[in-house]
């Protein structure tokens, strides 16, 4: 039996390289897509293997671009076994300073892009196929100044849980990775004052993607799998945690 083939959308993002290394390392065939041709060329140089890990510059925000990606995966690998949708975006700001265009962009980046990519791949998927998406714990417990971002991620989670009931009738698994901020070099440059003890590494996220794209996760349909590391919601009402001035 030939190795499974996955479409990786948003392959030039900060999480993607660890996912590519894990899935590619176990022998999966991958079509890496994105809009930045230069970054894709870099991925091809580092990871590319003809017939196994290939790249395609296309815009999956456009239904035609997404369909092209799905068709190319079939043409190059002869099959398509799932989608790992790494496309997303982030913006913060208080409501009264947030233009409606930001809400539209967050919905497009974090929700509608998933709809478009999934509609493109679904006709080619069969029994045992995998759909993997990414959300945040803030979708269930939003914080101030994140209304556009968290609303879009909450829409994504509800949508995945809904479509999971549809696609499981064909033996297809749709699940969501719920993760906090990833500890990447770019993030450390952007936010040098952040407590990175509460982040997760891309490698830990990749392990969960690996789990959700193999038979060990056969029992999961519409699940939200948390990869939160030491992240926690805190409140002054609760006092400090044990070992940090709180009860022993």
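The values are calculated or read from the model by the stated rules, or taken from the named source; none is laboratory data. Computed from a predicted structure; not experimentally measured. All Cβ positions, glycine included, derive from the backbone under ideal geometry; neighbour counts span all protein chains shown.
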From the option list 27, 51, 42, single residue qualifying as outside any strand (DSSP E or B), at positive phi and out of contact with any strand residue (DSSP E or B) (no Cβ under 8 Å at 6 or more places or on another chain) is 27
Query raised in the report: Quick check: is even one residue across the stretch 165-178 at pLDDT below 90 and out of contact with any strand residue (DSSP E or B) (no Cβ under 9 Å at 6 or more places or on another chain)?
Result: no
From the option list 157, 205, single residue qualifying as modelled with pLDDT of 95 or more, crowded, with 19+ Cβ neighbours inside 10 Å and over 16 Å from residue 115 (Cβ atoms) is 205
Residue hits (the stretch 171-193; over 15 Å from the mean Cα position of the chain (by Cα) and either closer than 23 Å to residue 94 by Cα or part of a helix (DSSP H, G or I) (or both)) are 185, 186, 187, 188, 189, 190, 191, 192, 193
From the option list 200, 181, single residue qualifying as free of Cβ contacts under 8 Å to residues at least 60 places away in the same chain and within 17 Å of residue 21 (Cβ to Cβ) is 200
Listed by first then second residue, the pairs whose first member lies in the stretch 217-229 and is on the phi > 0 side of the Ramachandran plot and surrounded by 16 or more Cβ atoms within 10 Å (Cβ to Cβ), whose partner is in a loop (DSSP other than H, G, I, E, B) and at pLDDT below 95, with beta carbons under 7 Å and at least 6 positions apart or on separate chains, are 229/180; 229/199
- Query: closer than 24 Å to residue 151 by Cβ, in contact (Cβ under 8 Å) with a residue 24 or more places away in the chain and surrounded by 15 or more Cβ atoms within 10 Å (Cβ to Cβ): does that describe residue 86?
  - Reply: yes
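Consider residue 114 carefully, then state whether it is over 22 Å from residue 215 (Cα atoms) and surrounded by 17 or more Cβ atoms within 10 Å (Cβ to Cβ).
Answer is yes for this residue.
Table: residues versus (1) within 14 Å of residue 65 (Cβ to Cβ); (2) surrounded by fewer than 20 Cβ atoms within 10 Å (Cβ to Cβ).
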residue: 8; (1), (2): no, no
residue: 16; (1), (2): no, no
residue: 36; (1), (2): yes, yes
residue: 44; (1), (2): no, yes
If you go through 140, 65, 126, 78, the only one that is surrounded by fewer than 16 Cβ atoms within 10 Å (Cβ to Cβ) and more than 19 Å from residue 4 (Cα to Cα) is 140
